[in-house]
Each structure stands twice: as C-alpha cells, then as structure tokens.
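Working notes for the structure below.
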Amino acid sequence: MSERAAIYPGNFDPITYGHIDIIRRARKLFSHLIVAVVAHPHKDPLFAAEERVRIAREALAEEGLDGIEVIRYDCLLIDVARERDVHAVVRGLRANSDFDYEFQMALMNRDLAPDVETVFLMTAGEYSFLSSSVVNEVKMYGGGVSSFVPPSVERALEERFSRGSS
Ligand code: ADP
C-alpha cells in the first residue's frame, strides 16, 4: 500500500465525534485511512466487534466521510500494518488522560516494528473530554448524546439499551 496510508486503531465502542474529529484530521495527512476496530478490547465492550464496525461505517457515511476503510482485527496491530504494508499508525490525544498509555503503546509498537511510526493528533477542544464510555453511561440512563455522536450512533445506542444487558 502507498506510503501515505495509515491505520487508526481503537475500540470504537461506539465511534464518537471525538474519533471522527481525528479521522477528519488524519484524512488531510494520509491518502488512505484504515479504521481498525479491535475485536477483543481489554474491558468488555458494549457492542460486539461486528456491530462496532457496522456503526462506524454508517456514521462515517452519514458524516460524508467516504473512502475510509473500516476493518476488524483480532491480532497484534503491527501484524495488520505489515499485512497491509502500512507504515503509520494514527492515535488521538485528549486532555491529559491518554498520554501515559499512548506513550507505552507507541514505544512497544516501535520495538516490534521499527518501520512503523505512530502519529498523534490532538482533538478539538470541545471533544477533549469525550470518551465512548461516558457517552454509553449517559445514554444508559436515558440522557441525550446528540452533541457527542452522529444520529445513527445514538439510534444504535437506543436499540442496544432497549435490548437490556445481554
Ligand atoms: P475510548 O474507548 O477511550 O473512547 P478508543 O480505544 O475507541 O477510546 O480510542 C481510539 C483512539 O482514539 C485512541 O487513540 C484514543 O485516544 C482516541 N480517541 C478517543 N476519543 C477521542 C476524543 N474524544 N478525541 C480524540 N481522540 C480520541
């Protein structure tokens, strides 16, 4: 794949305007962007991997962001990068909570694959405290989240919570 391709990995449980902000910024720097949804995150996700992929695709289409590939992966991120011949990983940085973890992951990935560079993009101020887990918590108790996620994502959350805890 071209030198100007990048992978943006994460839980995307579900995708928010914070993620979408990073995707818009990354698209200006890279000609091809792969949003990679991790199948088995550390903590139990609200949505299954296939649902997170579907919700992300729908949200990106709704936001007019076409040409962005959304895949699911279940292995080391670096193996996805190798398989796709991609040499850049994009990560988003929020107010202050992300830095330590991101630093560790970037150095670990650099050790595993010195030819892959991690690029950090800073989110817009308005999304700098936004996380999927906060959105999920608000929605679980019936709050509106339209400032934080596209309408299709809010609908997916409503359906998810009407299904109960399964
Ligand atoms: P979370 O579950 O904490 O919201 P993800 O694993 O889905 O995070 O995040 C994937 C990547 O997107 C990470 O680099 C994370 O820092 C970044 N990210 C998540 N939310 C935002 C946001 N509101 N602004 C900028 N980057 C974000």
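A few remarks follow.
- Flag if residue 13 is crowded, with 17+ Cβ neighbours inside 10 Å, of a type in the set (D, E, K, R), part of a loop (DSSP other than H, G, I, E, B) and modelled with pLDDT of 95 or more: yes
- Any hit, the stretch 92-105, residues being farther than 28 Å from residue 6 by Cβ and of a type in the set (A, V, I, L, M): no
- Failed item in (1) open to solvent by 60 Å² or more (accessible area, probe 1.4 Å); (2) more than 16 Å from the ligand (Cβ to nearest atom), with residue 148 passing the rest: (2)
- Number of the exception - residue 6 against (1) within 15 Å of the ligand (Cβ to nearest atom); (2) within 19 Å of residue 153 (Cβ to Cβ): (2)
- Residue within the stretch 157-165 that is touching a His at 6+ places or on another chain (Cβ under 9 Å) and in contact (Cβ under 8 Å) with a residue 40 or more places away in the chain present: no
- The stretch 16-38, subset surrounded by fewer than 21 Cβ atoms within 10 Å (Cβ to Cβ) and in a strand (DSSP E or B), residue nearest to the ligand (Cβ to nearest atom): 38
The values are calculated or read from the model by the stated rules, or taken from the named source; none is laboratory data. Please read all numbers here as calculations on a predicted model, not as lab measurements. Counting neighbours? That spans all protein chains shown, and the Cβs are built from the backbone with ideal geometry, glycine included. To get the accessible areas, we keep the full protein, side chains included, count just its heavy atoms, and leave off ligands, DNA and RNA. Shrake-Rupley method; radii C 1.70, N 1.55, O 1.52, S 1.80 Å.
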